[in-house]
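A.B. asks: Take this structure first; my questions come after.
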Amino acid sequence: MAWRMNLRYLANCSSQVFSSRSTDVCVGRAYSCLQMPNSNSKRQVDSILVDAVDKFRFCGDGDCPDWVLAEIISTLSNLSVDNLEQLAQIVAKRISGKQFEEAIVRSLTSSVTNDGKTAVACVHYMLTNAARYSCTETIFGEEIQQLGLPKDHAAAMCRVLQAHATVIRQKLIDKAFRINELQSIRNVTSPGEPPPNCATLELKISQELVDGLPKDTTHIVNIECAQLGALLDEMKLARDIMLKYENKENT
């Protein structure tokens, strides 16, 4: 009976708290499970409700860490909208490599915390992950509201994300550790030297693992001209497929 009452309450509140339509669907599925005389119904409800509330695009379609949720509720929600936006701007600039204004952070968060370190860590997590996973401002705003951030506060975070997402994403790319990265391709074909109907390409690889250690290497490859054309067609097809999915996510 308690489970049914909780689900009815969740269903009634979902339109106010959860803006995602998928949550309403999950609540309906969970309520249906409880109507069946099945000993596994509670276990099914647990699974369905976790799917409903614990998966977030800005977390890479995974769970939101408990400490982030706690910080949103206890600290970020209790800041004024202007202070939260200023704090997010400072954190975004810090991610981009600019100087961190610690004194201003302490001033902005003095009403809710001693030094503001946990608030900075939370905002840093939210912005970097939203940029890393190419989360749109609309989805980001909806999800952090689901986690308990007021609407105006969420709008402020979205404005900061919109202004800095591209720079943050590029910073993450620059700092990423890569192995076997193709740096350049150069046509070094010389008449009479390679086998007939072949092209000679010079491939430069960055951080290729050689005997367990990363090294910059150069490789000379002979490819038949017919195979080279087929490879180019396949790469164009792969590019078109990737662009299609990228455009689908942005719509």
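A.B. asks: What Kirkwood hydrodynamic radius do you get for segment 103-251 when you take the inverse of the mean 1/r over all pairs of distinct Cα atoms, in Å? Spell out each step's value before the answer.
C.D. replies: Values: mean 1/r = 0.0499 Å⁻¹.
Taking the inverse mean of 1/r over all distinct Cα pairs, segment 103-251 comes out at 20.1 Å.
A.B. asks: Sorted from largest down, give the three principal axis spans of the alpha carbons of segment 90-162, whole angstrom values.
C.D. replies: If we take the Cα atoms of segment 90-162, the spans are 32, 27, 16 Å.
A.B. asks: May I pose another question? How many angstrom lie between the Cα centre of segment 70-113 and the Cα centre of segment 130-158?
C.D. replies: When both Cα centres are located, 16 Å separates them.
A.B. asks: Do any chymotrypsin sites (Phe, Trp or Tyr not before Pro) in segment 93-199 lie in a loop, going by DSSP, with at most 16 other beta-carbon atoms within 10 Å of their beta carbon, and if so which? Walk me through the intermediate numbers first.
C.D. replies: Numbers: sites: F100, Y125, Y133, F140, F177; in loops: F100, Y133, F177.
The qualifying sites are F100, F177.
A.B. asks: I've got another one for you. Could you derive backbone 3J(HN,Hα) for segment 103-109 from the dihedral phi with the Karplus parameters 6.51, -1.76 and 1.60 (θ = phi - 60°), listing whole Hz in sequence and x where the residue is Gly or Pro?
C.D. replies: 4, 5, 4, 4, 5, 5, 9
A.B. asks: Here's another thing I want to ask about it. Using a 1.4 angstrom probe on heavy atoms only, work out the carbon and sulfur share of the accessible area of segment 102-251 in %. Could the numbers behind the result be given before it?
C.D. replies: On the way: 5230 of 9760 Å².
C and S fraction of accessible area: 54 percent.
A.B. asks: Could you order the peptides 153-161, 239-247 from most to least packed, using the average number of other C-beta atoms within 10 Å per residue?
C.D. replies: On the way: 153-161: 21.9, 239-247: 9.6.
Packing proxy ranking, top to bottom: 153-161, 239-247.
A.B. asks: Give me a comma-separated list of calculated 3J(HN,Hα) values for segment 129-141, in order, Karplus coefficients 6.51, -1.76, 1.60 applied at θ = phi - 60°, integers in Hz, x for any Gly or Pro.
C.D. replies: Result, ordered by residue: 6, 4, 6, 4, 9, 6, 6, 5, 4, 5, 5, 4, x Hz.
A.B. asks: What are the ³J(HN,Hα) values, in whole Hz, obtained from phi via the Karplus relation 6.51 cos²θ - 1.76 cosθ + 1.60 with θ = phi - 60°, for each residue of segment 81-97 in sequence order, with x given for Gly and Pro?
C.D. replies: Residue by residue, segment 81-97 yields 4, 5, 5, 5, 5, 5, 4, 5, 4, 5, 5, 4, 5, 5, 4, 6, x Hz.
A.B. asks: Then there is this: At a Förster radius of 35 Å, what calculated FRET efficiency corresponds to the Cβ-Cβ distance of D61 and L213, to the nearest 0.05?
C.D. replies: On the way: r = 35 Å, r/R0 = 0.99.
The pair D61/L213 has a calculated efficiency of 0.50.
The values are calculated or read from the model by the stated rules, or taken from the named source; none is laboratory data. Only a predicted model underlies this, so the values are computations on that prediction, with no experimental measurement involved. Methodologically, a virtual Cβ is constructed for each residue, glycine included, from the backbone with ideal geometry; neighbour enumeration extends over all protein chains shown. With ligands, DNA and RNA removed, areas are computed over all heavy atoms of the protein, side chains included. Shrake-Rupley method; radii C 1.70, N 1.55, O 1.52, S 1.80 Å.
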